[in-house]
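Report on one structure; see the data block that follows.
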Amino acid sequence: ESYVAAAQQVEQEFGLATLEFDPRAIEKLESFPAIEKALLRYAENRLLEDADGEILTLAESRKAGFWCGVKPWLQARWALVASAAEVMLEADRVEQALKKAPDSFAGMIKEYAESTEPWCLLDTRHRHMESCWYNYEADGEDHDNTEKLVIKARQRYAKVGSEMAQRFLAQLQKSAPDKGVLCQREVFEKHVKASLGREKIAYVWVDALRFEMGRELARLLKEDFDVNLYVALAAVPTITEI
């Protein structure tokens, strides 16, 4: 606590908050809160220009820093910057992958859900960012650039997500789903019914648990359970009544 008080006093006496810093020269430093804020502004401005993996690395490294422990809003802002960077970088990756998208509906499903780096990660990154933004409190600080960054990441997500959806629909129009693709209406018949009368089984049907959320849930459960994850094609339109 005495260091925090002394650092803030020195920062005020020397007017450090009004100075311009070379980001490269301060990215390893933690002496004053002005340094943390300067790096935040730098990171946000860089991402507003373009997605950048270096900025993601910087944001991740700063989240555990000294001033983030003193001022939780700084940690929350770095987490938001990192999350927005992940959305934008993932959008760039998926956008490039869509240019070489498979020429079949089953192939599209595999790329979205089952490949080494599935396209559904874009949905996950976006959901995490929105969660960070929902819980973010600026603590009286100017956060216009932070909001602009979130808006830009949303726009990238919407653009690439829309293109992905259009390609899915185009493939669905060309050919019916492959027989190897499980349909949602078949889940009970193929995965539940066979166990009835032989063993205890619970069938939990969760509304709005989209695949990428189920994927994340399976990853968490694997620490304590044996988990199998299968793709199933939902009935369209995917609203609760249907």
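Brief remarks follow.
- Here the Karplus curve 6.51 cos²θ - 1.76 cosθ + 1.60, taken at θ = phi - 60°, turns the phi angles of segment 57-66 into couplings of 4, 4, 4, 5, 6, 7, 4, 9, x, 4 Hz, with x standing for Gly and Pro.
- Largest first, the residues TYR3, TYR230, TYR134, TYR157 sort by 1.4 Å accessible area into TYR134, TYR230, TYR3, TYR157.
- Cα gyration tensor category, rounded, prolate or oblate, for segment 152-242 with a/c compared to 1.5: oblate
- Per residue accessible area in Å² of segment 127-205, where ligands, DNA and RNA are left out and the probe is 1.4 Å: 74 Å²
- Helix axis angle, 144-174 relative to the chain longest principal axis, alpha carbon, degrees: 20 degrees
- Farthest positive-ward along the chain dipole, Cα basis, beta-carbon charges - from ALA85, TRP67, SER104: SER104
- With 25 Å as the limit on Cα-Cα distance, the pairs of LYS63/LYS148; LYS110/LYS152; LYS37/LYS152; LYS110/LYS174; LYS99/LYS152; LYS110/LYS190 that go past it are LYS110/LYS152.
- The C-alpha atoms of the chain define a longest principal axis, and helix 2-13 lies at about 70 degrees to it.
- Comparing ARG219, ARG24, ARG93 in a Gaussian network model of the chain where C-alpha atoms under 10 Å apart are linked, the largest mean-square fluctuation is found at ARG24.
- Correct option for Rg and Dmax of the Cα atoms in Å [calculated from the coordinates] among (i) 19.2, 54; (ii) 23.1, 77; (iii) 18.8, 61: (ii)
- Counted residue by residue at 0.36 nm each, then reduced by the alpha carbon distance between them, the extension gain from ASP142 to LYS99 reaches 11.6 nm.
- Against the chain, whose longest principal axis comes from its Cα atoms, helix 211-221 is set at around 80 degrees.
- Think of a 1.4 Å ball rolled over the protein heavy atoms: segment 3-54 then has 61 Å² of accessible area per residue.
- Gaussian network model of the chain, Cα within-10 Å springs - most flexible of THR57, THR146, THR116: THR116
- Once the C-beta distance of ASP92 and ARG41 is scaled by a Förster radius of 25 Å, the resulting FRET efficiency is 0.60 to the nearest 0.05.
- Within the accessible area of the chain (1.4 Å probe), percent carbon and sulfur: 52 percent
- 10 Å-binned pair-distance histogram of segment 58-111 (Cα, whole percent): 23, 30, 19, 18, 10, 1
- Prolate/oblate/rounded call for segment 78-217, Cα gyration tensor, a/c under 1.5 rounded: oblate
The values are calculated or read from the model by the stated rules, or taken from the named source; none is laboratory data. Treat the numbers as computed from the prediction; the structure is a model and nothing was measured. All Cβ positions, even for glycine, are placed from backbone atoms using ideal geometry, and neighbour counts span all protein chains on display. The protein model used for the area step is the full one, side chains on, heavy atoms only, and it has no ligands, DNA or RNA in it. Shrake-Rupley method; radii C 1.70, N 1.55, O 1.52, S 1.80 Å.
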